[in-house]
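Q: I have a structure here, written as structure tokens, and I will follow up with some questions on it.
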Amino acid sequence: MIHSLFLINASGDIFLEKHWKSVVSRSVCDYFFEAQERASEAENVPPVIPTPHHYLLSVYRHKIFFVAVIQSEVPPLFVIEFLHRVVDTFQDYFGSTNVGDQLPTGQLSVVPWRRTGVKYTNNEAYFDVIEEIDAIIDKSGSTITAEIQGVIDAYVKLTGMPDLTLSFMNPRLLDDVSFHPCVRFKRWESERILSFIPPDGNFRLLSYHVSAQNLVAIPVYVKHNISFRDSSSLGRFEITMGPKQTMGKTVEGVMVTSQMPKSVLNMTLTPSQGTHVFDPVTKLLSWDVGKINPQKLPSLKGSVSLQAGTSKPDENPTINLQFKIQQLAISGLKVNRLDMYGEKYKPFKGIKYMTKAGKFQVRT
Amino acid sequence: MSGNGLTYSEHGGEAAPELAQEAAPAVTPSAPAAFGLFSSDTKKNEDLKQMLESSKDSAKLDAMKRIVGMIAKGKNASELFPAVVKNVASKNIEIKKLVYVYLMRYAEEQQDLALLSISTFQRALKDPNQLIRASALRVLSSIRVPIIVPIMMLAIKEASSDLSPYVRKNAAHAIQKLYSLDPEQKEMLIEVIEKLLKDRSTLVAGSVVMAFEEVCPDRIDLIHKNYRKLCNLLVDVEEWGQVVIIHMLTRYARTQFVSPWKEVDEVVDEYNENNFYESDEEQKEKDQKMKTTYAMDPDHRLLLRNTKPLLQSRNAAVVMAVAQLYWHLAPKSEAGIVSKSLVRLLRSNREVQYIVLQNIATMSIQRKGMFEPYLKSFYVRSTDPTMIKTLKLEILTNLANEANISTLLREFQTYVKSQDKQFAAATIQAIGRCATNITEVTDTCLNGLVCLLSNRDEIVVAESVVVIKKLLQTQPAHHGEIIKHMAKLLDNITVPVARASILWLIGEYCERVPKIAPDVLRKTAKSFTNEDDLVKLQILNLGAKLYLTNSKQTKLLTQYVLNLGKYDQSYDIRDRTRFIRQLIVPNEKSGALSKYAKKIFLAQKPAPLLESPFKDRDHFQLGTLSHTLNSQATGYLELSDWPEVAPDPSVRNVEMAELAKEWTGILGKPKKEKPTEKFYSESEEEEDESASTSSSGKWSGSDSESEKEDKEEGSTDESSGSSSPSEESTDSESDSKESAAKKTCRAVNESDSEVIKKKAEGISKKRSTSSSSDTEYTSSDESSTGSKSESDSKSDSESGKSRNATSNKVKKPVQDRKNPKTQDMFLLDLDDFCPVTPVAVPRAAVLSPSLAADLEGLSLSSSSVIDVTTQACVPTKTHELLHRMSGKGLAAHYHFSRQPGIFGDRMVPVQVTVTNTTDQKIENIHIGEKKLPPGMRMHEFNPIECLEPGGSLTATMGIDFCDSTQTASFQLCTKDDQFNVNIQPPVGELLLPVTMSEKDFKKEQGMLTGMNETSATIAVAPQNSARLIITERVVKAANLGVVPSGQDNIHRFAAKTVHSGSLMLVTVELKESSTAQLIINTEKTVIGSVLLRELKPVLSQG
């Protein structure tokens, strides 16, 4: 299946290679470099590149290309998904501050995702319900499309072979779900209960989509006035944002980014709060707003200077928004209870809710 | 490299140290100097050699780390081979691992030296530790040295019968490697594959199918007998194996089943699982309908049903595999269920999005309806990469119809203005396609495009021109104005394609713009020399056309242009000029053709088709590399067309006797296999057990199901009066199969082994449930006097009925008589290993009333039928018997298994699970002194000789509580200690569920009034008022049987007490405003009132 794997860094060096069958010369990557050149940006490099004798399937993460060399027909997602798992594993392994000396050993447990003989002095299970709002808001502020995607990430450190069940107050909200392999599918089908023997440590228990029938509450609004004039090389830029449908919670971690048209030379702006940066090379404006105080709405105002002689841009830039709201699942999803069977100790249980902006765009 | 989680994770692990070294150079003391200094290779290597010679493992390890680091960086480390290979026998497992990594890389280059290491692997292949056996096999098969092929072959053969499924899995991986090294071995390898395909471990399934796909994908015959097993195992196979199996089964199914796509509308939606619960009439109707139409092979259905849950997988490849399976195999009406899951994948990484969007693009062309509801999910975000944007656009265009086109066009307007110009241009193409496909909006689109002509961006304008040109070609009559407008644009547009398009348009329709056309020619003649080749050709073209239609005005101009062309630098243009001149300018040399010049140039030209690049791409199997590339990749396996007539379906039948034999075989095994190496072998053993139980459990379950389906179809066929011989033969075959199975059951029953008896009971229990479901169908058949079924089918059903009746009635006493002696630990404790049990709750609850109703209909005698039934539900709740702290590391839990009559009819069975949490063996666990209230009796479990550290065992004991909730106290003893423990039963466990008809229930209730009746009014939480939920909750709280009820608001349950057999009748009558009357009738008033108290909160709680 995967014949060889090459890791290529941002400057185009092959810094690691691994071969599972016979050795494939690294010159095969030349085809990849060609394709990379054709695609102006890294993320436009096609994930599947045919070459005369091989196929190159790649994923791009952390500014590194992971290029798998394939010799014959294979489901491309198989390879792509696998490469992503490899990256996840690397990330787990190197990402944490204390790189363990012991490598994970092959597990032959009854439940393949959990090693046997787990022991903790403090038994704890934490669950984070994190929801992301994906939305496109049009010029006038009305919602073109909005949906909620959620995940439940777990951090479980429990002794032995605990068997957990987690139930919701309102499971009907969940429209489409995908599970960690530990979740018993039939139990969910029949009772809408998540029943599972958890892996040890961090894992994603569940991803879900909230059914489209439910109207999505949009927690922030953005007022904008961005205009370029043909006659002058100066444009106006003004955005103000405020809370809306936040269920009384504070909107924080607000961050605004916007890709300015190429003809923009510079921006002179003053924020009412937070800090902003405009990068004249990439033309990316970012404004770290922080918290939104409903009494004093944050705003960013100023002027835009355009390259002299060019005509005004056709399109106003799109505004991308990031924010988070603690202790709120915007869909209203609530965990009812968490029970443990199979072990006798009393674990410490915790559940946290959070709402974040996903791909949240405001067209202007 | 083959697909499986374990190996992968290990490879991940192997790769890790290479990186670890890089990330944390300080870890290795000698390493710092090494970094960036690999240039002085020779000297460094000397250094490494010395370290490898060292007597210290730490130095060797450091050296190996650096060497593996070199390999990872692509540096040549081959000259170290002799020094490294010496360490292959190292006792240090870390060093060993790294030496293996080295060997796998360089053995092929240094074959002679590599041979030195072979004996080490051969020894390791016999190691008691399964991990070492597996890794030895892995390395051995990765060393690409042709001379050891026979050794590899032998090793694979042996490993394929290893007791450890993990080793067998590695054997499957090795098959592919050996095959790629020496294809000559194919025949022998196929034998191994055939053997491993029969393996029942979920661990092996994915890997062996992978080997099958690689080595002998055409040997479909090897799959037949394993088909059902693979379908049933699928959910439990690891994710990578699932992908491979699903793809293989897709191909298999296309060769074995007939197309479900004919007469689409008439195909009965068998899929709808509800029909199981539907009333008889509906069932009958459907049956009748079915006889004239297509009936899906139950095996075909099995595959669809068992893959569906995998749509919920977190693995994108699995979801895609199921999606393509449904696309290629499911009736058209069902393929839609995959859409939602595919759309979910769009949240994933861009690479996943890319592949999924491509597949959706192909699907959405053929079946718009599938993705229409998700239209907005394909809206483009400015942050999407261009390739994702264009794919989304493609899909949006495919989905466009009269209803959504206006919304879409509004969305497209935003896209046209995108800063990503390549995407903007693609949008214009898309608008063009919408315009041709949906005639209602053609004019709107055209106007919109014309507006774009005044766009500032040249690319946008150019693309618009090209698209307008295509559009105008479809209906040129009305659009003189637009052509004029475009002619004006010519002065400003510089993009060659666009200029060429305008010129072509004017030339083609020069008769509609007679005044402008010559002027355009004049202008372009002037700029001819500066134009792009593309434009020059069109100027020539325009000239020629004008010359033919309006030679008066343009003759001179055309000749001027032709002269320019004659001396052009490009020979294409010179060629074209010469050609045109000969054709249009009559002279003595020109032949007959020039007469037809006008016809040639101004012939009616077909309008170009604006169609999707994804059209017809589905002749490649979806989800494959070939589909993504739209060209056949090496090794692509064609998906065959459906056969006209299905091949013999009986090839997939597996003999039940054979199965039973295998079961006993498997059951016997764990006993034989003594734990050699504690940790692993134990878990292995457990795994073996769980695998066999789960698989066998599923097997029989689904088997009876599929049998049922068989029956169903059989009866349909018969009643249609046109039973084909083949169908009959399979029917009788299944009959004989059944009886054979019965026979084995009996034989097994008589045998002495306790374990087997247990198992056989399990089988017969299942069998009886399946036959009872048979009754359901036959009874429905019987009641349908309208469609007179043939006599033999009737007798058949009757015999089935009687069989069922006897099995239901006769079985119990037999069991009861036999069982007093039975007492044992459960080697196979289903409840413990099979977490699925609670799932049965609602299903059983729903099933039993209807079942009982049928029984009522069948019973002709007026005497009341009160039968002990099987429990409707087994509570999952376990109670603590002994905490590990107070038990010095011995922990014990108990729960009420509700298995009736194991220890005689007055005992309540209690399952006790003891767990050893210490790190030493606990020996001789038994029950010591008992302090029981008078009358109470206890049936002890057999002493447990020895419990390994970390191990746990389940034993069953029986307690006669004398119909009271008094505590049974006793001592749990080990070799050294005694612990006082006690069990107090919840009142609900002092009951045995019974079934009776509604009539009998009322009759009995009538006799238990007055003192014998207790009742209470309770508040019922609104979400609890559904029948299902009430039933579920009540039977969970107390071991009651469900009695069918004619009224929707009244729910009846019945049981008898375990000790005295007194009836216990429970009625829940729902009143208005979410209250309910709870009535209990029983002679045992104390228990009655306690039960009443316990049931109250069950229904009122949310």
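The values are calculated or read from the model by the stated rules, or taken from the named source; none is laboratory data. Everything numeric in this text was worked out from a predicted model, so none of it was measured. Quick reminder, even Gly has a Cβ in these numbers, built from the backbone with ideal geometry, and neighbours come from all protein chains shown.
Q: With the requirement that a residue be assigned to a helix (DSSP H, G or I), surrounded by fewer than 18 Cβ atoms within 10 Å (Cβ to Cβ) and within 12 Å of chain A (Cβ to nearest Cβ), what does the range B:402-458 give you?
A: Across the range B:402-458, the qualifying residues are B:407, B:410, B:413, B:421, B:422, B:458.
Q: Is the range B:385-396 home to any residue that is outside any loop (DSSP other than H, G, I, E, B), of a type in the set (Ser, Thr, Tyr) and under 31 Å from the mean Cα position of the chain (by Cα)?
A: The answer is yes, given that some residue of the range B:385-396 is outside any loop (DSSP other than H, G, I, E, B), of a type in the set (Ser, Thr, Tyr) and under 31 Å from the mean Cα position of the chain (by Cα).
Q: Return the residue satisfying two criteria in turn: it lies in the range A:165-190 and is touching a Gly at 6+ places or on another chain (Cβ under 9 Å) and more than 10 Å from chain B (Cβ to nearest Cβ), and of such residues it is nearest to residue B:338 (Cα to Cα).
A: A:174
Q: Could you say whether any residue in the range B:158-165 is among the hydrophobic types (A, V, I, L, M, F, W, C) and either outside any helix (DSSP H, G or I) or more than 26 Å from residue B:106 (Cβ to Cβ) (or both)?
A: Within the range B:158-165 (the criterion being among the hydrophobic types (A, V, I, L, M, F, W, C) and either outside any helix (DSSP H, G or I) or more than 26 Å from residue B:106 (Cβ to Cβ) (or both)), the answer is yes, since at least one residue qualifies.
Q: Continuing with this model, one more query. Just to be sure before I move on: is residue A:47 of a type outside the set (A, V, I, L, M) and under 30 Å from residue A:203 (Cα atoms) in the structure I sent?
A: So residue A:47 fits the description; yes.
Q: If only one of A:329, A:357 is buried (at least 19 other Cβ atoms within 10 Å of the Cβ), within 14 Å of another protein chain (Cβ to nearest Cβ) and within 24 Å of residue A:152 (Cα to Cα), which one is it?
A: Criteria check complete, one pass: A:357.
Q: When you go through (1) in contact with a helix residue (DSSP H, G or I) (Cβ under 7 Å, 6 or more places away or on another chain); (2) within 23 Å of residue B:153 (Cβ to Cβ); (3) assigned to a helix (DSSP H, G or I) one by one for residue B:230, which number turns out not to apply?
A: Result: residue B:230 fails condition (2) only.
Q: Tell me which of these residue B:331 doesn't satisfy, since it passes every other one: (1) part of a helix (DSSP H, G or I); (2) in contact with a Pro (Cβ under 8 Å, 6 or more places away or on another chain); (3) more than 9 Å from chain A (Cβ to nearest Cβ).
A: With (1) part of a helix (DSSP H, G or I); (2) in contact with a Pro (Cβ under 8 Å, 6 or more places away or on another chain); (3) more than 9 Å from chain A (Cβ to nearest Cβ) applied to residue B:331, the lone miss is (1).
Q: Within the group B:169, B:86, which residue is of a type in the set (Lys, Arg), surrounded by 15 or more Cβ atoms within 10 Å (Cβ to Cβ) and away from every other protein chain (no Cβ under 14 Å)?
A: B:86
Q: Tell me, please, whether a residue that is facing chain A (nearest Cβ under 8 Å), under 10 Å from the mean Cα position of the chain (by Cα), of a type outside the set (D, E, K, R) and in a loop (DSSP other than H, G, I, E, B) can be found in the range B:303-323.
A: Looking for residues that are facing chain A (nearest Cβ under 8 Å), under 10 Å from the mean Cα position of the chain (by Cα), of a type outside the set (D, E, K, R) and in a loop (DSSP other than H, G, I, E, B), one finds at least one in the range B:303-323, hence yes.
Q: Right, here's the next one. Restricting attention to the range A:293-315, and to residues there that are of a type in the set (A, V, I, L, M, F, W, C) and touching a Phe, Trp or Tyr at 6+ places or on another chain (Cβ under 8 Å), which single residue is nearest to residue A:220 (Cα to Cα)?
A: Here the answer is A:300.
Q: Restricting attention to the range B:201-221, and to residues there that are under 19 Å from residue B:152 (Cα atoms) and not hydrophobic (A, V, I, L, M, F, W, C), which single residue is surrounded by the most Cβ atoms within 10 Å (Cβ to Cβ)?
A: Step by step, filter the range B:201-221, then rank; the result is B:207.
Q: Next up: Quick one: in the range B:183-200, which of the residues that are at pLDDT 90 or above and not in a helix (DSSP H, G or I) is surrounded by the most Cβ atoms within 10 Å (Cβ to Cβ)?
A: B:199
Q: Another question, then. With B:350, B:314, B:367, B:344 as the choices, which residue is in contact with a His (Cβ under 7 Å, 6 or more places away or on another chain) and surrounded by fewer than 23 Cβ atoms within 10 Å (Cβ to Cβ)?
A: On inspection, the qualifying residue turns out to be B:314.
Q: So, one more: Scan B:180, B:161 and give me the residue that is among the polar types (S, T, N, Q), surrounded by fewer than 23 Cβ atoms within 10 Å (Cβ to Cβ), within 22 Å of residue A:18 (Cα to Cα) and under 31 Å from the mean Cα position of the chain (by Cα).
A: B:180
Q: Going by what's in this entry, would residue B:171 be described as under 21 Å from residue B:144 (Cβ atoms), assigned to a helix (DSSP H, G or I), free of Cβ contacts under 8 Å to residues at least 40 places away in the same chain and under 25 Å from the mean Cα position of the chain (by Cα)?
A: yes
Table: residues versus (1) in contact with an Asp or Glu (Cβ under 6 Å, 6 or more places away or on another chain); (2) within 29 Å of residue B:1064 (Cα to Cα).
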{"site": "B:906", "(1), (2)": "yes, yes"}
{"site": "B:912", "(1), (2)": "no, yes"}
{"site": "B:952", "(1), (2)": "no, no"}
{"site": "B:964", "(1), (2)": "no, yes"}
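Q: How many residues are polar (S, T, N, Q), buried (at least 21 other Cβ atoms within 10 Å of the Cβ) and farther than 13 Å from residue B:889 by Cβ if we restrict to the range B:941-977?
A: 2
Q: Further, regarding this structure: Pick from the range A:12-64 the residues that are within 11 Å of chain B (Cβ to nearest Cβ) and of a type in the set (Phe, Trp, Tyr): which of them is surrounded by the fewest Cβ atoms within 10 Å (Cβ to Cβ)?
A: Going through the qualifying residues, I end up with A:15.
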